[in-house]
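Right, one structure below, let's go through it.
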Amino acid sequence: MTRRLELGEALDARVGARFEADVSTALRRKPAQEARLAGALRELAGRSQRLRALEFGIVETLVKRGTFARPLYAAAVRGLCQHAERRGAAPVRQALASDDAGGLATLSGSCFLRDGGAAEALARIAASRHPQLAFASEVARVARGEANGAHVASLAPKIKEAHRIELCVEVLVPLLWGEPLPAAIAPSLAVLRDAERHLGRWLVLGELAVRAGDPTPLDEARERARSGPSSARAAWTLVAWALDAAEARAPTVRPTVELVSRLSDRPSADRDLTFLFRLAHARVPTARSMLENLLKGATLEDELAVRAALYLARDHARDELRGALAEAARTPRREALRGLAAAALYDAGERAAAAELAEPLLASRQVPTVAWGALVLSAHAAGDLAPLVTEPSFRRIQLGWVE
């Protein structure tokens, strides 16, 4: 079937039509799978003017309703701000003028908003009696070059643990995937790190600071890896490796479920394996045994097995797993994995085969499957060799997280 592209579009026209229909339905009646629809929109909109127009419509509609807590709003407002859509400035300013400043999602998006008209509203929110809103607003002002960091540093000691967790998820993690923040943010991040007991959130704060030019988190991690409690030294060794962009040596620490769970920005009880795939993406040899353990037999039963198969096929000569990925991409009884498997096959180097398998995925009933298929076809048409299964894309499309 010939792909139908519109002017200025990198996605098949069927994808735009599908998202427009699903969003229209969702705005009338909230669906159970709204988070996955929102996450897929968040990931794909950068490749489609049609989907960016859809983001604008979502933000405009939900701002008028005063509805800021929905996943669709969080995804659309962040995307609209980050994609430099000028028309998005007006509804974002309207959201900032509401009683709760449009929530943390609006303030998160404002970090990327290049609109001088929002400066007054952000300055007003930075004086809010709610420390978490004031802090998020001041982070946005620092990111936009409108504040020197002094006020956000004074707010940091007032942030309670529950709000620190919320700020990490809603405001700080999305900043990891954007441009580095100005150096003025470093003192406030240091205050939050001193209060943070969760190692994964400490790592988020440390990464933001290091990217802003502050070497202190790396020095702290190295020191704790050398002389901290023996039970924590392995974890701090991995933290130091993650913070040191110039580190050429792979860490020799062997990852375990408990260890990598502690290094995720999600709660440790979630058993999130984000850090394992960070090691795998960097081709760290010690990750192999844990990747092997995620495979439960000859078939790929879940999304973790699919991701493990990608790295084992790409880096560890497990060529038979290329066939397993292709089989997963064409098996209807594993509909939720078909798109991810096709994207993993593309990243493993089988680009033509992945594109052939992706074509029928655009007709899937499941939005994540459509989204992965669209990514594969778009990348193949452009000759794009950049990885498709990245941490942001996996979280947004497969898990429905809209950071």
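The values are calculated or read from the model by the stated rules, or taken from the named source; none is laboratory data. Being a predicted model, the structure only gives us computed values, none of them experimental. Positions of Cβ are generated from backbone atoms using ideal geometry, with glycine treated the same way; all protein chains shown enter the neighbour counts. In case anyone asks, the SASA skips ligands and DNA or RNA and just uses the protein heavy atoms, side chains included. Shrake-Rupley method; radii C 1.70, N 1.55, O 1.52, S 1.80 Å.
Structural remarks
- Residues (of a type in the set (A, V, I, L, M, F, W, C), under 17 Å from L218 (Cα atoms) and crowded, with 18+ Cβ neighbours inside 10 Å) located in the range 182-198: I185, A186, L189, A190, V191, L192
- Taken over the range 20-33, the criterion of being touching a residue at least 40 places away in the same chain (Cβ under 8 Å), within 14 Å of I58 (Cα to Cα) and not basic (K, R) is satisfied by D22, V23, A26, L27.
- In the range 225-243, the condition of being surrounded by fewer than 20 Cβ atoms within 10 Å (Cβ to Cβ), part of a loop (DSSP other than H, G, I, E, B) and modelled with pLDDT under 95 is met by at least one residue.
- Inspection of the range 184-207 finds no residue satisfying the criterion of being of a type in the set (A, V, I, L, M, F, W, C), touching a helix residue (DSSP H, G or I) at 6+ places or on another chain (Cβ under 8 Å) and not in a helix (DSSP H, G or I).
- Just one residue in the set S289, S261 is within 30 Å of G339 (Cβ to Cβ), part of a helix (DSSP H, G or I), out of contact with any helix residue (DSSP H, G or I) (no Cβ under 7 Å at 6 or more places or on another chain) and small (G, A, S); that residue is S289.
- Output for the range 299-350, where each listed residue is crowded, with 23+ Cβ neighbours inside 10 Å and of a type in the set (K, R): R307, R338
- Failed item in (1) farther than 19 Å from D315 by Cα; (2) in a helix (DSSP H, G or I), with R365 passing the rest: (2)
- Screening the candidates E207, E247, E220 for the property of being surrounded by 15 or more Cβ atoms within 10 Å (Cβ to Cβ), of a type outside the set (G, A, S) and more than 21 Å from the chain's Cα centre (by Cα) yields one hit, E220.
- Restricting attention to the range 156-175, the residues that are part of a helix (DSSP H, G or I), open to solvent by 10 Å² or more (accessible area, probe 1.4 Å), hydrophobic (A, V, I, L, M, F, W, C) and in contact with a Pro (Cβ under 9 Å, 6 or more places away or on another chain) total 1.
- Scanning the range 139-154 for residues that are under 17 Å from G178 (Cα atoms) and assigned to a helix (DSSP H, G or I) yields a count of 5.
- Within the range 251-264, considering residues that are surrounded by 15 or more Cβ atoms within 10 Å (Cβ to Cβ) and not aliphatic (A, V, I, L, M), the one farthest from the chain's Cα centre (by Cα): P251
- Exactly one residue among R42, R87 is out of contact with any Pro (no Cβ under 8 Å at 6 or more places or on another chain) and open to solvent by 30 Å² or more (accessible area, probe 1.4 Å), and that residue is R87.
- Selection status of R365, without any contact (Cβ under 8 Å) to a residue 60 or more places away in the chain and open to solvent by 50 Å² or more (accessible area, probe 1.4 Å): yes
- Residue list for the range 35-66, restricted to those being among the acidic types (D, E) and farther than 18 Å from A374 by Cβ: E60
- Meets criteria (under 30 Å from T25 (Cα atoms), crowded, with 21+ Cβ neighbours inside 10 Å and touching a strand residue (DSSP E or B) at 6+ places or on another chain (Cβ under 6 Å)) for S48: yes
- Any hit, the range 265-272, residues being assigned to a helix (DSSP H, G or I), open to solvent by 60 Å² or more (accessible area, probe 1.4 Å), closer than 30 Å to P332 by Cα and modelled with pLDDT under 95: yes
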